[in-house]
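S.K.: Here it is: the structure, laid out below.
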Amino acid sequence: MDVAIIDYYANSGSSFLHRAKALSKLIFAALVITSVVISSDMYLLLGIYLSLASLVIWSRLPLIKVISIAAYPAIFALIFAVASWNGSWIRAGVIILKALTAALTMVILIVTTPYPDIFSSIRPVLPKIIAEGMVLTYRSVFILLELTDNLVKALRVRGGLTRRRYLKNIVNFSSGIGLLLVRGLDMSEKFYGVMNVRGYGGKMLEGQREEKAGRNDFAAVILGGLILTVSLMIRFEAGPVQYGAYLTAFSVLAFIASALYILLEKHRVIFWKS
C-alpha cells in the first residue's frame, strides 16, 4: 500500500465526492458505518457494499485498486469468523461483509479527501493532542506497512520463509516482528527529534478553508441518509427481510449500469480522438 497513490487519488479527482467538503463526507461515512453496525442482514450488507463499489466507479477511481486496499480487514474478520464458527455460513458472511463494507467506506473517504482536510474537520471536536496524534498515526501506518513488506521480502530472499516448514516460518517471522518493533521505536524518536529541529511548538494542523456547502455536500449527506434509512427500516420493521434482497438486486443492477456507462464513455472518448 503506497500513501503517495492515496494522496494522488484524493487530490487529482474531480467527481462530486472529490468536490464535496470533508465534513460532508465524514457525515456520509458516519451514516454508512452506523448502517453497518445496526445491520445483521447479509443481503442488506451486500447491497450496501455494491452501492459503495458503484460510488467508486462514479468517482472515476480504479475499482480493483480501491477494493484491494479495503480488503485488508477481511483477513482479521475471516479469522474471527472461523474462531466463532457456529455452523452458520450466513453468520460468517455477515461478519466478513461488515468488515469489508466499513473498510470500503473509510477508503472512499481517504481516496476522495486530502488528509489535512479530514483532520482539520475533526479538530474542533477533539483535543488538539489527539487530533495531531491521529495525523502522525495515519502517516506512521503506511511507513510500518512498507517496513513489513521489506521484512517479508528480506526473509524470502534469505530463506527465512520456505514452503512446508511452517513452524520455522512462524519463528523467523516472529523474530522479524520483534526487529520491526525496535526499528519503529527508533524511527519515532528520530521523527520527534526532526520535528523539534524544525520548530515544532505543539501545533501542526492549520484551519480548514471556509467554503459554503453546495449541492455536492448535500448529495453526499443525502446518499448516506438513504442508506441509513433503509437499514433502519429493515432492522426495526416487522417482516422486511425481502427488502434486503430487493436492495441487493437493485445494487447489482446499479453496479452493472455504472460500469457499462463508464466503459462506454471511455470508448466514446477514444473513438472521438481517433
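S.K.: Share of Cα-Cα pairs in the stretch 42-95 beyond 13 Å, in percent? Spell out each step's value before the answer.
M.R.: Working: 944 of 1431 pairs.
I get 66 percent for the Cα pairs in the stretch 42-95 exceeding 13 Å.
S.K.: Moving to a separate point now. I'd like to verify something in the chain: which complete DSSP H helices, judged by Cα projection on the helix axis, reach 15 Å or more and average at least -0.5 on the Kyte-Doolittle scale?
M.R.: On the way: long enough: 22-38 (24 Å, 2.32); 42-58 (24 Å, 2.01); 72-83 (18 Å, 2.24); 89-112 (34 Å, 1.98); 128-157 (44 Å, 0.89); 166-197 (46 Å, 0.56); 215-236 (31 Å, 1.36); 241-273 (49 Å, 0.98).
Long hydrophobic helices here: 22-38, 42-58, 72-83, 89-112, 128-157, 166-197, 215-236, 241-273.
S.K.: Carbon and sulfur: what percent of the chain's accessible surface (1.4 Å probe)? All intermediate terms of the calculation are to be shown ahead of the outcome.
M.R.: On the way: 11730 of 17270 Å².
Summing carbon and sulfur atoms, their accessible area is 68 percent of the total for the chain.
S.K.: I would also like to ask the following. Beta carbons within 10 angstrom, averaged per residue: use that to sort the peptides 23-29, 194-200, highest first.
M.R.: On the way: 23-29: 21.6, 194-200: 9.6.
Per-residue Cβ counts within 10 Å, averaged per peptide and sorted highest first, yield 23-29, 194-200.
S.K.: Find out how many positive minus negative residues lie around Ile90, taking Lys and Arg as positive, Asp and Glu as negative, among other residues whose Cβ is under 15 Å from that of Ile90.
M.R.: Working: positive: Arg91, Lys98; negative: Asp41.
After counting each charged neighbour, the total is +1.
S.K.: Per DSSP H run of n ≥ 4, the term is -39500 (n - 2.57); total these for the chain, divide by its residue number, and report the mean residue ellipticity at 222 nm rounded to 500 deg cm²/dmol. Write out the running numbers ahead of the final one.
M.R.: Numbers: 12 runs with 216 residues, N = 274.
Helices in the chain give a 222 nm mean residue ellipticity of -26500 deg cm²/dmol.
S.K.: I'd like to check one number: the per residue accessible area of the chain, probe 1.4 Å, reported in Å² as a whole number. Working shown, then result.
M.R.: Details: 17270 Å² over 274 residues.
With all protein chains present, the chain gives 63 Å² per residue.
S.K.: Net charge around Ile48, counting only other residues with Cβ within less than 15 Å of its Cβ (Lys, Arg = +1; Asp, Glu = -1)? Walk me through the intermediate numbers first.
M.R.: On the way: positive: Lys98, Arg235; negative: Asp41.
Its environment carries a net charge of +1.
S.K.: Now a separate question. Given an 8 Å cut-off on Cα distances and at least 6 residues of separation, report the relative contact order of the chain as a percent.
M.R.: That works out to 38 percent.
S.K.: My understanding is that a pair violates if its Cα-Cα distance is over 25 Å; which of Lys98/Lys153; Lys25/Lys65; Lys168/Lys190 do that in this structure? Kindly include the intermediate steps, with their values, before the conclusion.
M.R.: On the way: Lys98/Lys153 31 Å; Lys25/Lys65 20 Å; Lys168/Lys190 33 Å.
Those over the limit are Lys98/Lys153; Lys168/Lys190.
The values are calculated or read from the model by the stated rules, or taken from the named source; none is laboratory data. Quick caveat, the model's predicted, so the values are computed rather than measured. Quick reminder, even Gly has a Cβ in these numbers, built from the backbone with ideal geometry, and neighbours come from all protein chains shown. Note: areas computed on protein heavy atoms with side chains; ligands, DNA, RNA excluded. Shrake-Rupley method; radii C 1.70, N 1.55, O 1.52, S 1.80 Å.
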